Every structure is written in C-alpha cells, then in structure tokens.
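For reference, the structure discussed in these notes is given below.
We did not get these values from a lab; they are worked out from the coordinates using the rules stated. This is a predicted model, so every value here is computed, not measured. Because the Cβ atoms are built from the backbone with ideal geometry, glycine has one as well, and the counts that use them run over all protein chains shown.
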Amino acid sequence: MRAAELTDDPCYPEYIASAVKRTARTRRTFRRPDVQTDRLFQVMYEHPTEAMTTCSEMVREIKNVNKGLEKVIALQESLHREQMAWALTQERQACHQAFKTSSYERYKNINPGRVDGTCRWVLENPQYLAWWESRHNNILWITADPGCGKSVLAKSLIDIDLKKFGSPLNVCYFFFKDNDEQNDLATALCAILHQLFETCPDLLQYALPSWRSNGPKLHQEVEELWCILIAATSDSAFPNTICIFDAIDECKENEARQLIRKLAQFHSQISPCLNPKGRWMKFLVTSRPYEEIQQNFRQLTALYHQIHLRGEEENDRIREEIGLVVKSRVAELAESLELSFEIRKRIENHLLQMEHRTYLWLSLVMDGIRTTFQESLCPKDEPIPLVPPPVEAAYESILDRVPAAKAETVRKILQIIVRARHPLTVEEMAAALGIATSSGSQSAAQAGLNPDVLKRKIRHLCRLFVFVKDSKIFLIHPTAREFLLSRSPESRWYFEQSDVENLMTRMCIHSLLRAHLENGRSRHNPKNQASEIDIDELDAVGKKDIIPGIGKRIP
C-alpha cells in the first residue's frame, strides 16, 4: 500500500470531480468558473504550467510586500511627525523670542547689592510678612521717598530673599526707568511673559494663537498681553509666581494708571481657587508716594488697606540703615585705594554727620570722593565733597517733574524754606505761603491756607523735594539748599539771594500791615473786623513804613 501510494497517481481528483457532477445542484454550485469570468485567472496572459505557484506561496509573497509597505509608511509618518515637531518648535521659539523686547536683566543688575542689616524696614514689616506668607493671589504696594533704596530692595528680593521659598517658586520682574526703552506697560508685560515661558514652555500654548494673529505687533498690544498672562494662570502647569514691578512712577502716566487698574481688578476679581491645583500669583509694586499714584491705588487701598506699606513713615529707620551702608562703602573705598585708617575714619565720620542721608546721595557722593582721592597726591589734606555734580542733576530731574502751572507756587515754597531761620511748621508755612500767594486785599486770616490741606498737598506739589517730619517741613536733603542757591541764571530753579530776601520781607510787611489795619478797624468799627482791606489803604500805609529798596507797592 505504501508502494502504491508513492507510485500510483492520486485518486482524489476523480473523487472530487465525481462529487461535483453528482447532481445538477452540485454542478451549479461547485463547478469551475468559466475562464472568461474567472477574476483570478487572467486569460490575456500566458500561464505556463512550470511557472505556476501555489496559493500559499502567493499569499506569503503578498504578506511580505505588505510588511515592506508598512515599514515605508511608518517611516514616512515618523518623518512627517519630526518635521511637524520641528516646525512647531521653530514657531514656539519665534513666539517666545517675540516677548524679549528689552534688556530687563541689565536694568535689574545695575542696582547695587544689599548690605547686611539693611532693608529690614520692609523684611520685618508685618504687612510684608503677611503678604509673603499668604498662599493665594495677593498684592503689596511699597512706597518710599526718592533715594531710599526701593530698587535695591527689589533686586535683593529677586536675587536673595524670594529664593528662600520652601516650594518651587517662579519670580518675574521689570524695573521701570524714565527712558524710551523701559517706561511703557507693553514692554513690562512682555518681559514678565518672556520669563514665565522660559520657566514653563508649555504655557506658550496661550500665546501662540495671538502670536499667529498679530505677529510681531503682539508686543505692542497691552490688552492681548494681559489676557495671555491671566489665561496662563488658569493652567494646571502654572507655577506659584511672584511678579515684581519696580518704580511704576517712572512708567508713562496713562500706562501706569492702566497697570494699577489691572492689578486692582486682578486682586478684587480673580478667585484664589481659580487655578485647579491651587496655584497663585502675587504682585509686589514699588513707587515714590506721588499723589497721582496714590489716587490710582485709592479704590483698592480703601478696601484692602493692608496692601500699602508706607516707607515714607520709616525714614528714620531707613537713614539708620544707610549708616551701615556708609561704613561698608567707605571700607571698600579705603581698601581699593589703600587709604590709611585715619583717612578712612575721617571720610566715614564726615559722611555720618549728614543727618538726612539717602542712598541716592550716598551713591553719588561716593563717586565724587573716589575721584578726589584717586587723583590726589596728598589724600590726608583733601576736602570731602558732599554735593557732587551728579546730585545736582538728580535734584534738577526731580524738580523738572513739577507741572508748569504749579512752578511759581513751588518756587515760593522753596524760597520760604531756604530763607527761614529754622524749619517751619506746617501752620507757619500755611500762613507764609498764603500771604505770598494772596491777592493783597485779604485779611491775614483770609490769606492763610488750611494747614491740613497743605500737609497733604505740599509733597505732591514739590514732587517729594520736601518732606514733613514732626509737623515741620524739610528739604529732601541738606544739600538741596545749596543746590537751590547755586543754580545758574538759566536754570528754571535759579534763586537770587536778594529775591529770596525780598519775598520774605514783603511777606513780613504784608502780615504786619494787615494786622495793623485790622486792629485799627477793630477799634473804630468792631462789627467790621473781618471785612476786606482796600489795597490802596494798605499801600498808603506801606508808603510810610516800607523799607527802602523793597518797592513802592506791595504786590
């Protein structure tokens, strides 16, 4: 049987054919298809018997071809994904760089570092500590007079103090300066967003649509930039962030107002729980206590008085801290110039004798002292300059902010302060300034100004060139008096000594003559004691009693 199996032809083809032909139904169902309709057998081709392969071999070949095609398709898809990712990365990079519109790092780093023991007036303040320890959206507004170290404080917070935060913390900042590069809000927001995206690239998704729509013009669109920042805060990837805006008083006035309004809206309307992971964004803002800045913040501070830390009320402590800086700077100077211990102590004691010290004054005066001793052949005999030219330029810059309409009033205030034999009280200044600015036909009582109003307004009028301490009025610094008396005639703030003396004399005469006439009227007509004095009557009396050289008529 095995031999027959190997040598005889197989019988199953006959069995299959017999089965197919058994009935009409089996023939119809299982017969071979006609060669003209067979979809697998193409009659137009030759089908040599020796070249035929089995179906299984054909299927195997087809599978091999399919596998090759699958590899090619996968390779093409991978290449496409890489090209798309590269294109997207290029777009993201271009978008990110669009926000780098200023050298914000340089404007931070031009400020000196903090000396140990300084800035305690803020770091130990309960308002600052409450802001620092809060774990929700918050804002702190710090004001202080010119030259009190606000920018040094901001820099030290960024570089030192905020890095002590327990959990990961993102810090963004912008230092406003009164120049075309650093004085507008759009530039500030671009800097904040550039730093934010540097830390969290995934947040660029909130900027890309605006970037695609606006292109390079995006960095000019304040509303778009602010919306991007607020949208990013709602993302789960948004980190706890502190934004620092230093010296917003040096921002353009209308844009500073716009920024304050947006900060107020953020603080009042944004829910602390808006971020799904409880993330927060806190703002710290510094400025001089100008009246217009305070007015813009007033709606917010009226509701949340704790957000305003008033450095102008900490001037005594600030000046004590500046004493530490004096010792540190003098020690550095003595070491670099190899000055003797005696010269070092002489410089240090001379500077510490200055009661009303500011960081601005110290920085400029140290530059002058360094130049003096560097060029000196006999350092021990050199005088120590306390009013270097740069200080004069700084004073000029402060007074140049006085509006033209108020310049004459400010001139009279400064003239009165310069000529007074002792610091005037607010009440004394109110009486003196009232007489100096009155029409001349008022009584002494009527001419006087309201002391409470003057106390609130005088610093704003003089752009912080004066300050009030213990109800007495002082210039920003003792060197300011020398500055006012040494101006060139071309200066807007030039004071002739004789002009100052004439003003004071006219004020005294006005006061005495008014009192004299009022007393006379009181005796003859007690009911008319408060009536107006006729200017001719005042002038007639003045002709007899006026000091020679002051003038015929009292203005």
Checklist entry - What is the order of 160, 413, fewest Cβ neighbours within 10 Å to most? => result 160, 413
Item to check | Contour minus Cα-Cα distance for residue 61 and residue 425 (0.36 nm per residue) | outcome: 120.3 nm
Item to check | the stretch 161-267: C-alpha gyration tensor shape, a/c 1.5 cut-off, then a/b vs b/c | outcome: oblate
Checklist entry - Hey, how many Å between the Cα centroid of the stretch 93-125 and the Cα centroid of the stretch 300-365? => result 21 Å
Checklist entry - If you count, for each residue, the other Cβ atoms within 10 Å and average over each peptide, how do 367-375, 21-29, 250-258 line up from highest to lowest? => result 250-258, 367-375, 21-29
Checklist outcome for this item: Partner lysines whose C-alpha sits under 16 Å from that of residue 327, ignoring same-chain residues fewer than 8 away, are 345
Checklist outcome for this item: Under the rule rounded for a/c under 1.5, else prolate if a/b exceeds b/c, else oblate, using alpha carbon gyration tensor axes a ≥ b ≥ c, the stretch 104-313 is classed as rounded
Checklist outcome for this item: With +1 at each Lys and Arg Cβ and -1 at each Asp and Glu Cβ, the charge dipole magnitude of the stretch 316-388 around its Cα centre, to the nearest 20 debye, comes out at 140 debye
Next on the checklist: Taking amide H atoms as placed 1.01 Å from N in the peptide plane, list the residues 5 or more away in sequence, or in a different chain, whose amide H sits under 5 Å from that of residue 177.
Outcome noted: 182, 183
Next on the checklist: Report the gain in length on full extension from residue 250 to residue 77: 0.36 nm times residue separation, minus Cα-Cα distance, nm rounded to one decimal.
Outcome noted: 56.9 nm
Checklist outcome for this item: Within the under-15-Å Cβ sphere about residue 254, not counting residue 254, Lys/Arg +1 and Asp/Glu -1 give a net charge of -4
Checklist entry - From the Cα gyration tensor of the stretch 94-160, with a ≥ b ≥ c the square roots of its eigenvalues, which class applies: rounded if a/c is under 1.5, or else prolate if a/b is larger than b/c, or else oblate? => result oblate
Checklist entry - What FRET efficiency do you get for residue 320 and residue 214 if R0 is 35 Å and r is their Cβ-Cβ distance, rounded to the nearest 0.05? => result 0.10
Checklist entry - Taking 0.36 nm per residue of separation and subtracting the Cα-Cα distance, what length does fully extending residue 406 through residue 310 add? => result 32.0 nm
Item to check | Long-range HN-HN contacts of residue 170 with modeled amide H, under 5 Å | outcome: 240, 241, 242
